[in-house]
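The values are calculated or read from the model by the stated rules, or taken from the named source; none is laboratory data. Here the structure is a predicted model, which is why all the values come from computation and not from measurement. Ideal geometry is used to build each Cβ from the backbone, glycine not excepted, and the neighbour counts take in all protein chains shown. Heavy atoms of the whole protein, side chains included, go into the accessibility calculation; ligands, DNA and RNA do not. Shrake-Rupley method; radii C 1.70, N 1.55, O 1.52, S 1.80 Å.
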Amino acid sequence: MDRTMDPAILNQWIGRSEIRSDRIRAEPANLMEMTLDRDPALRDGDPLPPLWHWLYFLHSAKLSDLGRDGHPALGGFLPPVALPRRMWAGGRLGFSAPLRIGATATKTSTIKDVALKQGRSGALCFVTVRHEIATVDGPALWEEHDIVYREDPRPGDAAPVPPVDEGGWDVTETVKASEVMLFRYSALTFNGHRIHYDRDYARNVEGHAGLVLHGPLIATMLADLALRQNTGATLRAFEFRAFSPICDGQAFTLNARQQDGTTELAAARPGAGLAMRATATV
């Protein structure tokens, strides 16, 4: 299918839906535990940790049906946006009941909005997808996933990175992104995006400093930190927005503080600014 920037055509994708079912098996969750350097101890009946639903309902495509970046080519469920770079910009989630390991769940995904904009670095297209996950016991969670499509980088068009308050946090933890961490999360989510494993592509085509740490993995780490700062609590809502990439070999901090009844969170590279901001409600 030909790609386009015609809003009349792209808007035809609004309202399109697809449904996937999956069993929330213990094995992917325990592999995620080990990816986070923990002993695997999750069993059937345990609640799946928040945001780990991204390990399930995986989308696959034949090699011949992939785009240049390793993602499935557009024009099926997602609209055929004529911009080459695809990124996870952020999202909002609400949790109504535990998604338990061992349960069979259904995920309904719907294109909620397609918006063309002009940014500092050129044309942008934002696609918002709403996901609703339920089991036989009823709804478990909803998610609004923001995807941004953009032009290839040009010299000098890097956007300024917002600064982060490097003081005043209740807790700060330091993490180092490694090639193995990136590989494991890509494998667990069947993510073929080349920015996570093809260094030449990441640098020479998409303009990154190295292999890029997955935005969803950073968000997962921030949600985990929020729960560890609220022992015994249950996550009810989570919102996050990505600002700048973290690349392999770079140390970054996970930061949390209580603010007006919520937990304010940030991932940052010391001296290099904000990578992701998030808010958790428990």
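Over the chain, consider all pairs of different Cα atoms and compute the Kirkwood hydrodynamic radius from their mean reciprocal separation; express it in Å, one decimal.
19.7 Å
What is segment 132-282 by shape, rounded, prolate or oblate, if you read a ≥ b ≥ c off the alpha carbon gyration tensor as root eigenvalues and call it rounded for a/c under 1.5, prolate for a/b larger than b/c, and oblate otherwise?
Oblate, since a/c reaches 1.5 and b/c is not below a/b.
Can you put Ile9, Ile218 in order of accessible area, largest first, using a 1.4 Å probe? List each step's numbers first, then the result.
Numbers: Ile9 65, Ile218 5 Å².
The residues order as Ile9, Ile218, largest area first.
Find out how many positive minus negative residues lie around Thr104, taking Lys and Arg as positive, Asp and Glu as negative, among other residues whose Cβ is under 14 Å from that of Thr104.
Surrounding charge for Thr104 is +2.
How large, in percent, is the carbon and sulfur part of the accessible surface of segment 1-60 at a probe radius of 1.4 Å?
Looking at segment 1-60 in its full context, I get 48 percent from C and S.
Which whole-number value in Å² is the accessible area per residue of segment 123-207, probe 1.4 Å? Display every interim value, and only then the final one.
Numbers: 4560 Å² over 85 residues.
Value returned for segment 123-207: 54 Å² of accessible area per residue.
Output needed for segment 44-147: three equivalent-ellipsoid semi-axes, defined as square roots of 5 times the C-alpha gyration tensor eigenvalues, in descending order, whole Å.
Working: eigenvalues 171, 56, 25 Å².
Those come to 29, 17, 11 Å.
In whole Hz, with x marking every Gly and Pro, tabulate ³J(HN,Hα) for segment 165-171 from phi via Karplus 6.51 cos²θ - 1.76 cosθ + 1.60, θ = phi - 60°.
5, 8, x, x, 8, 6, 8
Tell me the relative contact order for segment 24-99 as a rounded percent, counting alpha carbon contacts under 8 Å between residues six or more apart.
That works out to 23 percent.
Could you order Asp260, Asp198 so the one with the most accessible surface comes first? Probe is 1.4 Å. Can you show the working numbers first?
Details: Asp260 145, Asp198 40 Å².
Highest to lowest solvent-accessible surface, that is Asp260, Asp198.
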